[in-house]
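What follows draws every value from the coordinates through simple rules; no lab data is involved. This one's a predicted model, so the numbers in the text were calculated from it and none came from an experiment. So basically every Cβ, Gly included, is an ideal-geometry build from the backbone, and we count neighbours across all protein chains shown.
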Amino acid sequence: MSQENVEIIRRLWLAYVRRDYETSTAALDEAVELSSDPRANMETGLVSGREAVVASIAGFVSSFSATLHPVVRGDVRPYMVGP
């Protein structure tokens with residue numbers, strides 16, 4: 001994977017962790033498909049299309065109630081989830 005692609009994924013993932021779902025899903029193609037593990041309590045099977053994938057992810061994350069706490073380690077800014 002190119003460094004450019006790594007940076008794109010990193011940016012989208014960090015947006016997702018910040019609960020900035022609009023940014024985190026902005027790069028999804030209309031033909032995107034999501035196949036999730038049923039043990040993750042998401043829709044099972046294959047979800048096709050940008051709108052359906054975004055709805056599936058939104059339903060999954062709305063089932064959690066947590067607060068995000070930034071943790072800074074050098075130039076990396078991951079987030080911890082906690083009460």
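Applied to region 9-17, the Karplus parametrisation 6.51 cos²θ - 1.76 cosθ + 1.60 on θ = phi - 60° returns per-residue 3J(HN,Hα) values of 4, 4, 4, 5, 5, 5, 4, 4, 5 Hz, with x for Gly and Pro.
Could you calculate the FRET efficiency of E51 with S2 from 1/(1 + (r/R0)^6), where r is the beta carbon distance between them and R0 is 25 Å, rounded to 0.05? Efficiency for this residue pair is about 0.30.
In sequence order, region 28-36 has phi-based couplings of 5, 6, 4, 9, 4, 10, 10, 10, 10 Hz under the Karplus curve 6.51 cos²θ - 1.76 cosθ + 1.60, θ = phi - 60°, and Gly or Pro positions carry x. Residues whose amide H comes within less than 5 Å of that of V32, counting only those at least five positions distant or on another chain, are G49, R50 (H built at 1.01 Å from N in the peptide plane).
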